Amino acid sequence: MNGACRDGSADKVNIEGGVKIRLSELLYLLFLGLMLVPKGLGFYDGQTFYKIFLVAAFLCIALKMCITEYTYVEWGLILFLLALSAAVYRVSGEKGLLVCMVTVTAMKNVSVKRAFRVGLVVWALTMGGRFLTSLIFLGHVETAVQTKNLTGAVLRYFMGYPHPNSLHISYLALTAFAVYCVKETYGLRHLLVLMAGNLLVFFYSYSFTGAFTVTVYICLSYYVCKKKPGRAEYIAAELVFPLCVLFSVILPLILTGGAFELADRVFNNRIRFAKHFLTAENMTLLGNDLAAITTDIVTMDNSFVFALVVYGIPVFVLICAGYLMTIHACAKQKKAVELAMFCCFLAAGITEPFLFNTSFKNLPLLFIGERLFEVTRSVGTDPKAAALLKNRDIEITLPTERYHRITESVRRFWSMHRGVICAVSAAAALLSGAGAGIFCQYRPEVLELGRDNLLVYERIRMAVTAAVLAFPAAAFISGWILKIADAGKNSGGQKEAGEKQDHGGRIE
């Protein structure tokens, strides 16, 4: 594996003793998990469930920052950034900047790799659970009919998320968590599994941009892990952010005539909307109230336009500086996997506002936070560090023996029975899918429309849904039966051995 796929950080793991971690880092990981849970379950800002987790997460991060030692330079920088974010929040009413700034400024002494591992576990459980629940109750899932240029009328499923596009961006975040966690061994089997998930999510979201972005990301990550990128490729990666800003902020103002109409049509009216917001009166120091300048029809779907208009010019300049600084450092250190993530998330930000709002899916912010404190350590003139609560950042050992014992038992069981389990599950999925495709019942709104290929798409979707639900159900049932059978064999063998031992004793 080339240097692009190595990570310098290493966890202190002792299988017998457990994992050693500082309390400050544990608090940041708790903050990360608490922020991811409501978003993975499809909740959003304004809902009570989200607010509860947001408050708990900010309490964790406040305690983390109180026990972490910072230099005076770092304290000054952190307080300036948080004060600026609070001022912008007062004007705009948007919490997104506060969430992003806290994510970055609290990253000191936190392992990025550990953060991604925690993120992968939390996001896989929450998003997977939400998606599975929506599949089971598919008839009650919110939907919207939309006409696509390639497919005609399609029924898009929200699957518990605010919008089908949000669903696919959530899957993009899941792939990013997964790729970064396995980047040392990322190979073709990982790519195929992630692509299968991409196609499955697409069956419900019908987000062409989302599916295309995920495809590019997992293929680009595979490419940089298998082939050492050259200098030209690193330079191209450094150009992605300036090009995204150019396309988002400059082109809507300078394009005219046919070029403007073509670009606007390709990006589904987003160029026209960007031009609507990029006016002199909207260029302010502390941003604008989003609710006052948007409507249900005129929306702000571009992350870069969102940051500039809603958060103001100073914040936008700081965002640009943070991205350019971090991307340049990644290119210099030949961190190709990280650069692939930056490129694809930035490209997705052109058509979605998720980078700088409260969606908490902008994973490259973790790299920006890591880079921020690398810079302060290298240029800081004050070597002294102080914490508000001294000597409270103790080292904790988290027990992992039971976890390793369970995973090893599952691994052994899977290696013994995976052939039978896969065969039974595949047969159940095939039969269930075929039955659902033949005897499917259409939703009332589908029957009312009944145009284009909508009925065909729904029949295919019902078959896929039945197959997807049948596969894990059959795997669980067959695994449970095999486990009982193994337990019976083991107890029977032990009993027979005991009888032989008793018999042998009598003969003697």
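The values are calculated or read from the model by the stated rules, or taken from the named source; none is laboratory data. As the structure is a prediction and not an experimental result, all values here were calculated from the model. For neighbour counting, all protein chains shown are included, and Cβ atoms are generated from backbone atoms with ideal geometry for every residue, glycine included. Surface areas here come from the heavy atoms of the whole protein model, side chains and all, with no ligands, DNA or RNA. Shrake-Rupley method; radii C 1.70, N 1.55, O 1.52, S 1.80 Å.
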message: Net charge around residue 158, counting only other residues with Cβ within less than 11 Å of its Cβ (Lys, Arg = +1; Asp, Glu = -1)?
response: +1
- line: If every Lys and Arg gets +1 and every Asp and Glu gets -1 at its Cβ, then about the Cα centre the chain yields a dipole, in debye to the nearest 20, of 960
- prompt: Which pairs, out of 226/335; 227/361; 39/361; 332/361; 108/390, put more than 18 Å between their alpha-carbon atoms?
  reply: 227/361; 332/361
- request: May I ask you to derive the FRET efficiency for residue 387 and residue 48 from their Cβ-Cβ distance with R0 = 41 Å, giving the value to the nearest 0.05?
  value: 0.75
query: Which three extents, in whole angstrom, do the alpha-carbon atoms of the stretch 310-372 cover along their principal axes, largest first?
result: 34, 22, 17
query: Using the per-residue mean of other Cβ atoms lying within 10 Å as a proxy for protection, in what order, highest first, do the peptides 41-54, 304-317, 322-335 fall?
result: 304-317, 322-335, 41-54
query: At what distance in nm do the modelled label points of residue 227 and residue 398 sit from each other, each positioned 7 Å from its Cα along Cα→Cβ?
result: 3.8
- request: Just need the relative contact order of the stretch 12-85 here, percent rounded to a whole number, with Cα pairs under 8 Å and 6+ apart.
  value: 31
query: Non-local amide H neighbours of residue 18 (under 5 Å, H modeled in plane, Pro and chain starts lacking H): which ones?
result: 400
Length-normalised contact order of the chain in % [C-alpha pairs under 8 Å, at least 6 apart]: 23
- prompt: How much length is gained on full extension from residue 427 to residue 486, taking 0.36 nm per residue of separation minus their Cα-Cα distance?
  reply: 19.0 nm
- prompt: Over the stretch 128-285, what is the mean sequence separation of C-alpha contacts under 8 Å (at least six apart), divided by residue count, expressed as relative contact order in percent?
  reply: 16
query: Excluding same-chain residues fewer than 8 positions from residue 148, which lysines have a Cα within less than 25 Å of its Cα?
result: 275
- line: With every protein chain kept in place and a 1.4 Å probe, the chain has an accessible area per residue in Å² of 50
- prompt: Among 134, 481, 310, which residue has its Cα positioned farthest towards the positive end of the charge dipole of the chain, with +1 placed on the Cβ of Lys and Arg, -1 on the Cβ of Asp and Glu, and the dipole taken about the Cα centre?
  reply: 481
query: Okay, which of the stretch 151-172 sit inside 17 Å, backbone N to the point 7 Å along the Cα-Cβ direction of residue 297?
result: none
query: Can you give the convex hull volume per residue for the Cα atoms of the chain, as a whole number of Å³?
result: 201
Counted charge near residue 232, where neighbours are those whose Cβ lies closer than 14 Å (Asp, Glu -1; Lys, Arg +1): +2
